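Here is the structure we will look at, set down as structure tokens.
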Amino acid sequence: AHITTKSKELKYTHKNRIMPVLGLHGALGDSDSDDDSVEISDVDLSDDDDVSDAPSTVPSDNGGEEEQQQQEEEEEEPEEEEEEEVEADEESDADEDEEGDELAPLEDDLMDREEEYYDEEEDESEDDDDEDGDQTELLKQFEEKFFERLNHFMDVQRKIEERMQKIDAKDRLKEIEVTTHSEGILEEDGTYKLKYQQQDAEGEPAQNLGEVYEAAYQIKQALRDLLDAMVDKVKGLDYVDAKIVELKPRDRANEKAREEYLTRTPGPPETWLYDILRSSVTCKTMKQMESVNKFLTKKAHIVQAKNRFVAPAYSGYRDLLYHVYLDWPYKENVHFVAEIQVHHKDVLNLEKLFGLQNHYKYFRPIFAGGDRTVVETMRDLEMIQKNGKIEEPLIEKILESEDPDQLYMFAKLFYLKLENFDVALQIYSRVLALQEATIGEIHPKTSATYQDVGLVQAKKGDYDNALRSLQKCLEIQEQVFGPYSPEVAITRSHLGHTIVERGDDGDELMEHRGALQQYRKALVIREKCLGEDHLDVAGSYQNIGESLCKLGDFQGALAAYRESLSILESLLGENHADVASGHSLLGDVLYQQGDFQGAMEEYSISLAIREEVFGKTHTATADSHTEIGRLLAEVQDYDEAESRHRKALRIRETVVGKESPEAAESHWWVGYVLNQKGDFEGALEAHKMGYAIRAKVLTKRHPDTKMSLRSVRANENQQKEP
């Protein structure tokens, strides 16, 4: 189709921004999207033994701080090849075109609900009881999902323990003594030993993540030499058993540094990552495990070591974990700390058999933090599991705790997993009371709690109080860390996001100007603290681009997005999910500017990257088809637009389910395109299905549900949708 140019508002909001803003106690990000993609139904639990600052927009109040208590490094799961979490049979293009003429039907029970839902008139004066009922139903769904996951997690722990009794009946692996030569990396004054901070290629403390990676590349041979010497010394160990795996992906390294080392002194946090350069040693026998430990004790300088057969990772995985201090043989006084994971092959098979990586991702926010042990948190989860459901007596028992760290864990659980924001705020309030009584208000932990309270309040739609809490966090941070610190930049980004979210309640242009001010201040801080070539800097440019776009400054938005994309490509390479999102954001601006040809080019690049990275049947790929379908509908190429939206619908129904908000979005788009083609009957069917889903999973008062209802009404009256 010939694509013309005219200005157009986006008809929907999608989530392409790569900037995950984290709370400092742990992984309190913008979303918990990874959780939704984790499948547990295909994991075997059988008994088979075969183990093969904008002051004008922020309500005035005392300010706050944010900062996270520094914690001991949380070890990663074994870095084997990562399997795709969701595999769906790919259809040929011909099959997709044939099937494009039919909507995939919903289950009979969903169809039965349509009449009940779409016959209801849109009534803004509905009783609050109706809204409360919708919310109660949603909370029940979140609770059921959580207990399904928790029960499976506990079953896996039990099964692994049973298998370990067969693999190592005499506990030989537990008896392996690991030693260190560093005498710990923490100084008496609470700072960390400069000797063990990652260096750049010249032997100076690294200043940013890029310098850490450059040093890792150059010193890789020293790790290879150590592994080769190990193979020569340990009987039966082959070179294929001791291998250097790929460097840790930069986006994951950036996230981990921000989650776990943001407040470590001296900084920056990236210089305390010991798993950038990493290796894997797989032993066939217990004797080999003992020999490898003996070799490393004698021949390597061990900075940190853990026998995780004694104290397993929270996912249940067991190994020997070493962080070793390497000397660069070609340059004096250049050192680097690398990771060596030593696996027993039978235990490694358990990791694959029981899908431990999935549990690692899901429960990571709950176990994040160095203030509580894995055993303590497991005990708390067992208590919740035994209760079987969330009831008032359980909440009262939780609130009786005098331990703010334990309470904080529970608050995260209710916030992130159960999405029960009212109870989460109750617990956070108790945390604040205990913290202010013991460690005082001007403390990193207290500020972090204020930040998290603000995030939960924003989730509830209580934006004025959210801004007050975040402002409180900011003021405390500036007292503790000074105005130029990564912590302050994170909180300013949170303030910007919350100001934007509040936009519907006030002057939208004023809100975006206030947000833009916060984003620009965050950018200045990040460039000063982290350097210009950093993923957080790219995130700030994306935030700025979004606000400029909302303010109508399309050229400024394009410049900001292109700067972000340039940084992402330099750090992550051209074939990366975040780079695909960067192209989509550029496409959005060009779309709104009316440059449909340019937008199509960007969307097509994004689709190609996503198909390369994720495959043709992935939610991100479906997002690209939706973007392209929306654009094609705008230029009135309705047949191709319908085909794109039906492709997105099939993918979403397969991957995230027929009763998902994503599937409902595709139903809406199919209905919209059919309406524009004059097929009011087909459009009505699609919109009724979309409305039924949205009314169930989003509640009837949700803006998307109301939009679907309006579309149903329009097609009932055979009217064109706007």
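Selection of the stretch 285-335 for residues being touching a Lys or Arg at 6+ places or on another chain (Cβ under 9 Å), under 20 Å from TYR213 (Cβ atoms) and aromatic (Phe, Trp, Tyr) yields only TYR325.
Among what's in the stretch 305-334 and is open to solvent by 40 Å² or more (accessible area, probe 1.4 Å) and not in a loop (DSSP other than H, G, I, E, B), pick the residue that is farthest from LYS233 (Cα to Cα). Out of the qualifying residues, it is LYS306.
Considering only the stretch 694-704, state which residues are at negative phi and surrounded by fewer than 24 Cβ atoms within 10 Å (Cβ to Cβ). Hits for the stretch 694-704 are LYS696, VAL697, LEU698, LYS700, ARG701, HIS702, PRO703, ASP704. Remark: pairs (first residue in the stretch 407-423, polar (S, T, N, Q); second residue surrounded by 21 or more Cβ atoms within 10 Å (Cβ to Cβ); Cβ separation under 6 Å; 6+ apart in sequence or on different chains) = ASN420/PHE414. Going through (1) within 35 Å of the chain's Cα centre (by Cα); (2) open to solvent by 20 Å² or more (accessible area, probe 1.4 Å) one by one, SER708 falls short only on (2). When you scan the stretch 453-475, do you find a residue that is within 26 Å of PRO266 (Cβ to Cβ) and over 24 Å from the mean Cα position of the chain (by Cα), even just one? Checked against the condition, which is being within 26 Å of PRO266 (Cβ to Cβ) and over 24 Å from the mean Cα position of the chain (by Cα), the stretch 453-475 yields at least one hit. Please verify whether the stretch 396-407 includes one or more residues that are open to solvent by less than 10 Å² (accessible area, probe 1.4 Å) and within 23 Å of ARG264 (Cβ to Cβ). No, there is no match, as no residue in the stretch 396-407 is open to solvent by less than 10 Å² (accessible area, probe 1.4 Å) and within 23 Å of ARG264 (Cβ to Cβ). Within the span defined as the stretch 380-401, one or more residues are touching an Asp or Glu at 6+ places or on another chain (Cβ under 8 Å) and closer than 30 Å to ASN420 by Cβ. Of all residues in the stretch 205-224, none that is modelled with pLDDT of 95 or more has its Cβ atom under 7 Å from the Cβ atom of a residue that is open to solvent by 50 Å² or more (accessible area, probe 1.4 Å) and basic (Lys, Arg), 6 or more apart or on another chain.
Pairs are defined by a Cβ separation below 9 Å, a sequence spacing of at least 6 or placement on different chains, a first member in the stretch 626-647 that is within 16 Å of ASN675 (Cβ to Cβ), and a second member that is at pLDDT below 95 and of a type in the set (Phe, Trp, Tyr); the pairs so defined are ARG630/TYR12.
Filter the stretch 432-448 down to the residues that are over 14 Å from LYS472 (Cβ atoms) and of a type in the set (Val, Ile, Thr), then identify the one that is surrounded by the most Cβ atoms within 10 Å (Cβ to Cβ). Ranking the qualifying residues of the stretch 432-448, first place goes to ILE439. Taking the stretch 378-417 as the range and being among the small types (Gly, Ala, Ser) and at negative phi as the test, the residues that pass are SER401, ALA411.
Residues that are under 30 Å from LEU413 (Cα atoms) and either exposed (fewer than 14 other Cβ atoms within 10 Å of the Cβ) or of a type in the set (Phe, Trp, Tyr) (or both): does the stretch 159-182 have at least one?
Yes: one or more hits.
Within the stretch 457-470, is there a residue that is basic (Lys, Arg) and closer than 30 Å to ALA599 by Cα? For the stretch 457-470, residues basic (Lys, Arg) and closer than 30 Å to ALA599 by Cα: absent. Taking every residue in the stretch 390-403 that is more than 15 Å from PHE414 (Cα to Cα) and pairing it with any residue that is buried (at least 17 other Cβ atoms within 10 Å of the Cβ) and basic (Lys, Arg), at least 6 positions away or on another chain, the pairs with Cβ-Cβ distances below 9 Å are SER401/ARG430; ASP403/ARG372. The set of residues in the stretch 640-693 that are open to solvent by less than 10 Å² (accessible area, probe 1.4 Å), part of a helix (DSSP H, G or I) and polar (S, T, N, Q) comprises SER666, ASN675. With the condition kept exactly as written, say whether any residue in the stretch 304-312 is farther than 29 Å from PHE367 by Cβ and not hydroxyl-bearing (Ser, Thr, Tyr). No.
Scanning the stretch 229-282 for residues that are open to solvent by 40 Å² or more (accessible area, probe 1.4 Å), in a helix (DSSP H, G or I) and charged (D, E, K, R) yields a count of 6.
May I ask you to verify whether LEU455 is open to solvent by 10 Å² or more (accessible area, probe 1.4 Å), touching a Pro at 6+ places or on another chain (Cβ under 9 Å), hydrophobic (A, V, I, L, M, F, W, C) and modelled with pLDDT of 95 or more? So LEU455 fails the test. Before we move on, is GLU574 modelled with pLDDT of 95 or more and surrounded by fewer than 24 Cβ atoms within 10 Å (Cβ to Cβ)? Here the answer is no, as GLU574 does not meet what is asked.
Of the residues screened, SER581 is not one that is closer than 22 Å to ASP533 by Cα, open to solvent by 30 Å² or more (accessible area, probe 1.4 Å) and small (Gly, Ala, Ser). Can you confirm whether the stretch 517-531 contains a residue that is within 23 Å of the chain's Cα centre (by Cα) and either modelled with pLDDT under 95 or among the acidic types (Asp, Glu) (or both)? Yes, because at least one residue in the stretch 517-531 is within 23 Å of the chain's Cα centre (by Cα) and either modelled with pLDDT under 95 or among the acidic types (Asp, Glu) (or both).
The values are calculated or read from the model by the stated rules, or taken from the named source; none is laboratory data. What you see is a predicted model, and the numbers here were worked out from it, not measured in a lab. We place every Cβ from the backbone using ideal geometry, glycine too, and count neighbours over all the protein chains shown. All accessible areas refer to the heavy atoms of the entire protein, side chains included, with ligands and DNA or RNA removed. Shrake-Rupley method; radii C 1.70, N 1.55, O 1.52, S 1.80 Å.
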